[in-house]
């Protein structure tokens, strides 16, 4: 493997500007690495070589002319395969969209291309972003680069695995209930979910519209902050997009934590937590104390209801969003239907996988006449209470910390037959989506078998700069982020 692929985006940018390597050489090295390991990993559904090399050439032309480079220009990036890129397949890892070619760019894709970021390919995911292990893809499972017999986490498992295995330096994922933070934790990298509305969802295949948010994967906190700067900003094409200026999210990384208050979420430090994970969080508490922060226990009384709330709201919204996949306008259509009704039912029965069907049925039930008030309306009321818990907590502390997940990556197939066990994997991450607050997972150590452990950090809405500051100070106190999977 080209040694430069192991470097951070900031270091690669420096090498490009100093003409130690060209953008075309760096992008080609990423494709060589994908050719070397992706048969084992399964991180990519498709590659976009032409687009990536075209973008890289533009970067080299700018460097040759001595022009200023945009942020992250020339740095290879993997795009989760539920975001549109013109002329490439966007499948959401589902049979129903197996041959769908994007007619337009997602807003985030547009921003990446404007910043001359080479997009090397479309990363595998759980079908329609529904899953915690990346075993629900219709095409192939993604494997964890640290141990190929284990899951990478989901739903953005391909994005996380590609960054962890140095196939790409950066990646974009989407996070509906932990789909960025969980794979970041399992794969030993940085994954960040921004405040709801920070990043446009235009051109993202919708799962649950009030929860979905696109965010960055990187190997360092600084790179994640810079990638968020590239993709965030107001977009008139997305009605939930916040009309706020784009901030320089990496501005406060070096700010001292002296006098800052950090809350440890005691509701997530309960039974069910693996011993090594508990030790890593204790170590994080000690680290923050040594950095001058005061660490206090915080209780979020309604957190325990978050899984129930989420699986009513998310499935209800997915039932509504996925109604568009009916074989009429685009996507898969059953070849042997005798009438319209049969075309609808057969197309959906053949096109969707079991987990997607399960969630559509749950959501349709929750929205059905006679049950709407008992389920959907009640869940929305409970969501308001979870949000209120966070508002009250952030009056006492600047940030909250917890394990990203009670356990490290598990064996492929270990929870596949038990949906409830699988859903409980997201116990620590879901509440941030319900409340619309920013959260991230950063490497915080390793368990006895050498698998990565993630530390989750949450901040109040729109306080991304504080979030990156708290994360960066921890990251720089240890060398966990420097360790790479031996693949």
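Of the residues 120, 108, which single one is assigned to a helix (DSSP H, G or I), crowded, with 24+ Cβ neighbours inside 10 Å and either free of Cβ contacts under 8 Å to residues at least 40 places away in the same chain or touching a strand residue (DSSP E or B) at 6+ places or on another chain (Cβ under 8 Å) (or both)?
108
Results for (1) touching a residue at least 60 places away in the same chain (Cβ under 8 Å); (2) surrounded by 18 or more Cβ atoms within 10 Å (Cβ to Cβ); (3) touching a strand residue (DSSP E or B) at 6+ places or on another chain (Cβ under 7 Å), shown as yes or no for each residue.
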| position | (1), (2), (3) |
| --- | --- |
| 20 | no, no, no |
| 40 | yes, no, no |
| 48 | yes, yes, yes |
| 65 | no, no, no |
| 68 | no, no, no |
| 83 | yes, yes, yes |
| 98 | yes, no, no |
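State whether the residues of the stretch 408-426 include one that is in a helix (DSSP H, G or I), touching a residue at least 24 places away in the same chain (Cβ under 8 Å), buried (at least 19 other Cβ atoms within 10 Å of the Cβ) and in contact with a helix residue (DSSP H, G or I) (Cβ under 8 Å, 6 or more places away or on another chain).
Yes: the stretch 408-426 contains one or more residues that are in a helix (DSSP H, G or I), touching a residue at least 24 places away in the same chain (Cβ under 8 Å), buried (at least 19 other Cβ atoms within 10 Å of the Cβ) and in contact with a helix residue (DSSP H, G or I) (Cβ under 8 Å, 6 or more places away or on another chain).
crowded, with 20+ Cβ neighbours inside 10 Å, in contact with a helix residue (DSSP H, G or I) (Cβ under 9 Å, 6 or more places away or on another chain) and farther than 30 Å from residue 95 by Cβ: is that true of residue 404 in this structure?
Answer is yes for this residue.
Return yes when residue 5 is touching a residue at least 40 places away in the same chain (Cβ under 8 Å) and not in a helix (DSSP H, G or I) and no when it is not.
Spelling it out, it is not the case that residue 5 is touching a residue at least 40 places away in the same chain (Cβ under 8 Å) and not in a helix (DSSP H, G or I).
Anything in the stretch 144-163 that is in contact with a strand residue (DSSP E or B) (Cβ under 9 Å, 6 or more places away or on another chain), part of a loop (DSSP other than H, G, I, E, B) and under 18 Å from residue 454 (Cα atoms)? List them, or say none.
Passing the criteria: 146, 151, 152, 153, 155, 156.
Can you pull out every residue in the stretch 197-218 that is crowded, with 24+ Cβ neighbours inside 10 Å and touching a strand residue (DSSP E or B) at 6+ places or on another chain (Cβ under 7 Å)?
Result: 198, 199, 201, 204, 212, 213, 214, 215, 216, 217, 218.
I want to confirm something. Restricting to the stretch 450-468 and keeping residues that are out of contact with any strand residue (DSSP E or B) (no Cβ under 7 Å at 6 or more places or on another chain) and part of a loop (DSSP other than H, G, I, E, B), which single residue is surrounded by the fewest Cβ atoms within 10 Å (Cβ to Cβ)?
If we take residues in the stretch 450-468 being out of contact with any strand residue (DSSP E or B) (no Cβ under 7 Å at 6 or more places or on another chain) and part of a loop (DSSP other than H, G, I, E, B), then 450 is surrounded by the fewest Cβ atoms within 10 Å (Cβ to Cβ).
Are any of the residues in the stretch 382-399 closer than 27 Å to residue 141 by Cβ and surrounded by fewer than 24 Cβ atoms within 10 Å (Cβ to Cβ)?
No, there is no match, as no residue in the stretch 382-399 is closer than 27 Å to residue 141 by Cβ and surrounded by fewer than 24 Cβ atoms within 10 Å (Cβ to Cβ).
Could you grab me the full set of residues in the stretch 427-441 that are in contact with a strand residue (DSSP E or B) (Cβ under 9 Å, 6 or more places away or on another chain) and not in a loop (DSSP other than H, G, I, E, B)?
431, 432, 433, 435, 439, 440, 441
Would you confirm whether or not the stretch 379-386 contains a residue that is touching a residue at least 24 places away in the same chain (Cβ under 8 Å), closer than 27 Å to residue 277 by Cβ, in contact with a strand residue (DSSP E or B) (Cβ under 8 Å, 6 or more places away or on another chain) and not in a strand (DSSP E or B)?
The answer is no, given that none of the residues of the stretch 379-386 is touching a residue at least 24 places away in the same chain (Cβ under 8 Å), closer than 27 Å to residue 277 by Cβ, in contact with a strand residue (DSSP E or B) (Cβ under 8 Å, 6 or more places away or on another chain) and not in a strand (DSSP E or B).
So which residues in the stretch 469-479 are more than 21 Å from residue 278 (Cβ to Cβ) and assigned to a loop (DSSP other than H, G, I, E, B)?
479
Within the stretch 130-138, can one find any residue that is in contact (Cβ under 8 Å) with a residue 24 or more places away in the chain, within 21 Å of residue 38 (Cα to Cα) and surrounded by fewer than 24 Cβ atoms within 10 Å (Cβ to Cβ)?
Among the residues of the stretch 130-138, at least one is in contact (Cβ under 8 Å) with a residue 24 or more places away in the chain, within 21 Å of residue 38 (Cα to Cα) and surrounded by fewer than 24 Cβ atoms within 10 Å (Cβ to Cβ), which makes the answer yes.
The numbers here are math on the coordinates, done by the rules we state, and not lab data. These numbers come from a predicted model, not from an experiment. Positions of Cβ are backbone-derived with ideal geometry, glycine not excepted, and every protein chain shown enters the neighbour counts.
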